[in-house]
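Trainee: The structure's right below; bear with me while I get my questions together.
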Amino acid sequence: MGASVLFIPVLFSLASLGVYTLSVNFPEHTGRHSNSSDLKFPTNLDELQSVANFLLDYKNDHSSYVLVLLSCAYLYKQTFAIPGSVFMNLLAGALYGPWFGFILCCVLSSFGTSFCYLLSDTCGKEYIIRYFPQKVKYFQTLIEENLDSLFFFMLFLRVFPMSPNWFINMASPIVNIPLHVFFFSVFIGQMPYIFICVQTGCILSEIKSLDDIFTLWTMAKLCGIAVMSLLPGFLIKKHRAKQKRE
């Protein structure tokens with residue numbers, strides 16, 4: 001257990017160094033925003049606006065470099081379950097518009113969370129079981145109750161806005177959720193949330209607070225989509241129960 005868990009901070013340090021190196025080695029630029037001092041992971045809308053302005057200016061001359069930096073930063077946050085995905089999705093919308101930004105975030109989110117899954121599977125299982133025994137046990141029970149419709153249940157968890165995604169990412173290999181089911185449930189299940197964020201990112205300058213994004217009506221719509229995602233699984237269970245009776 002000790003050796004495998006110690007590998008996580010080593011990998012985290014190397015990944016942090018890689019992202020930092022990218023962020024401080026921008027190609028020379030003569031635009032308005034040539035000072036990279038404001039370039040950091042945003043934690044509020046003001047910081048996000050500064051980062052967006054910096055990268056938009058650079059993207060005109062160094063589009064490939066900006067895309068690589070954004071992709072690496074996104075994967076970094078997802079792999080190590082670092083909060084703040086909403087800011088990355090908003091930033092992608094501001095930089096790349098509603099459609100490319102949406103596709104980019106869906107792909108990066110799916111791969112990033114899958115890396116988190118693999119990291120947990122390789123190094124973190126014992127640690128998670130040790131520190132979250134009740135959560136793991138409860139999650140295991142839910143999975144066993146929904147094995148007949150596992151994919152649709154995972155979709156529900158991804159769409160439902162109150163789900164603890166950080167825990168689902170790390171606990172999924174422990175409860176034996178196949179990687180392909182995990183990957184596609186993230187890719188499809190996160191689409192509504194990502195779409196809302198990316199669309200909002202396109203009008204970033206008009207946003208005053210995160211409350212403008214996740215209104216009660218928006219949350220209600222996400223809950224409605226989540227409930228609808230359970231319907232195929234319910235029908236599958238009903239059909240199989242009928243077959244057993246026959």
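Trainee: Taking a temperature of 37 °C and a viscosity of 0.692 mPa s, what whole-number D in µm²/s does Stokes-Einstein yield for the range 39-150 with Rh from Kirkwood over alpha carbon pairs? Walk me through the numbers on the way to the answer.
Mentor: Details: Rh = 16.0 Å.
Estimated via Stokes-Einstein, D reaches 205 µm²/s.
Trainee: Something else now. Cα convex hull of the range 41-245: mean projected area in nm², to one decimal? Can you show the working numbers first?
Mentor: On the way: hull surface 50.3 nm².
Averaging across all directions leaves 12.6 nm² for the Cα convex hull.
Trainee: Can you tell me which of 70-79, 185-194 comes out highest on packing, and rank the rest after it, using the mean Cβ neighbours within 10 Å? Present the calculation step by step, with values, prior to reporting the outcome.
Mentor: Numbers: 70-79: 20.5, 185-194: 22.0.
Averaged packing, sorted descending, gives the order 185-194, 70-79.
Trainee: Could you tell me how many degrees, from 0 to 90 and to the nearest 10, lie between the Cα long axis of helix 216-245 and the main elongation axis, the longest principal axis, of the Cα atoms of the chain?
Mentor: Around 30 degrees separate the two axes.
Trainee: In whole Hz, with x marking every Gly and Pro, tabulate ³J(HN,Hα) for the range 136-149 from phi via Karplus 6.51 cos²θ - 1.76 cosθ + 1.60, θ = phi - 60°.
Mentor: 5, 4, 5, 5, 4, 4, 4, 5, 5, 6, 10, 4, 5, 9
Trainee: Can you give the calculated 222 nm mean residue ellipticity of the chain, where each DSSP H run of n ≥ 4 adds -39,500 (n - 2.57) and the sum is split over every residue, rounded to the nearest 500 deg cm²/dmol? Show your work: numbers first, answer last.
Mentor: Values: 11 runs with 179 residues, N = 246.
That comes out to -24000 deg cm²/dmol.
Trainee: Contact order normalised by length for the chain, with contacts defined as Cα pairs under 8 Å and 6 or more residues apart; what percent is it?
Mentor: Numbers: 269 pairs, mean separation 57.4, N = 246.
Answer for the chain is 23 percent.
Trainee: Helix 85-119 sits at what angle to the longest principal axis of the chain, using alpha carbons and giving 0 to 90 degrees rounded to 10?
Mentor: So the inclination is approximately 50 degrees.
Readers should treat all values here as calculations from the given coordinates under stated rules, not as data from a laboratory. Model, not experiment: these values are computed from the prediction. All Cβ positions, even for glycine, are placed from backbone atoms using ideal geometry, and neighbour counts span all protein chains on display.
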